[in-house]
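Report on the following structure.
The values are calculated or read from the model by the stated rules, or taken from the named source; none is laboratory data. For clarity, every value in this text was computed on a predicted model and none was experimentally measured. Reconstructed Cβ throughout: ideal geometry from the backbone, glycine too, with neighbour counts over all protein chains shown.
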């Protein structure tokens with residue numbers, strides 16, 4: 001068999017990637033759009049969810065120096081002028097200076113929880129996309145199967161060409177493949193960023209706790 005005849009046979013027995021995407025229709029287009037959104041979120045999270053962004057080292061050093069000097073008002077102003085995870089948590093504690101240490105500690109812990117929750121909600125969109133992707137794919141497949149069985153019903157006793165059904169089912173399954181292609185890596189990235197949020201939150205919490213520890217001993 002020549003290469004030309006083999007190529008012609010392959011083109012006749014299968015479908016190209018673009019044909020498969022086109023055949024997936026509106027549902028496939030939605031899944032592809034979800035994949036684009038997921039990719040954009042992953043890139044943004046890689047840039048923003050890291051310790052250098054949530055607690056800039058130079059800002060931490062500056063506020064620690066102000067704490068050492070006892071200049072808490074300036075430290076508060078610095079925190080308010082440079083909003084981020086670290087400064088919002090620190091500012092919550094500074095505002096309670098003068099109260100018992102337990103009050104300061106509670107304010108810091110509450111703000112830490114609030115900031116961590118914001119980050120978890122931020123990465124939660126990845127979890128949503130990972131969950132919806134396979135469901136959209138299944139919806140497309142079921143729709144395709146319904147269409148295939150509709151052809152059988154229309155054919156009646158005359159029968160239907162199995163090749164026509166096989167093509168319809170093959171194209172219908174494309175949506176399931178697309179959904180899984182979106183869901184699997186998106187789930188992995190969600191778990192990765194969830195672990196990163198937990199790790200960074202603990203690290204920043206330890207830094208803030210160490211800064212306010214002086215008020216425990218001063219009591």
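See the values below:
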| quantity | calculated |
| --- | --- |
| Residue ranges of helices (runs of 4 or more DSSP H) in the stretch 50-122 with at least 2 members under 19 Å from residue 200 (Cα atoms) and under 28 Å from the mean Cα position of the chain (by Cα) | 51-54, 57-69, 85-94 |
| In the stretch 92-104, the residues that are touching a residue at least 40 places away in the same chain (Cβ under 8 Å) and either within 10 Å of residue 208 (Cβ to Cβ) or in contact with a strand residue (DSSP E or B) (Cβ under 9 Å, 6 or more places away or on another chain) (or both) | 93, 104 |
| Residue count for the stretch 181-193, restricted to those that are within 9 Å of the chain's Cα centre (by Cα) and in contact (Cβ under 8 Å) with a residue 12 or more places away in the chain | 5 |
| The lone exception for residue 29 - which of (1) modelled with pLDDT of 95 or more; (2) within 30 Å of residue 134 (Cβ to Cβ) it fails | (1) |
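Yes or no, residue by residue, for (1) surrounded by fewer than 15 Cβ atoms within 10 Å (Cβ to Cβ); (2) at pLDDT 95 or above:
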| position | (1), (2) |
| --- | --- |
| 3 | yes, no |
| 10 | yes, no |
| 14 | yes, no |
| 21 | no, no |
| 42 | no, yes |
| 45 | no, yes |
| 51 | no, no |
| 81 | yes, yes |
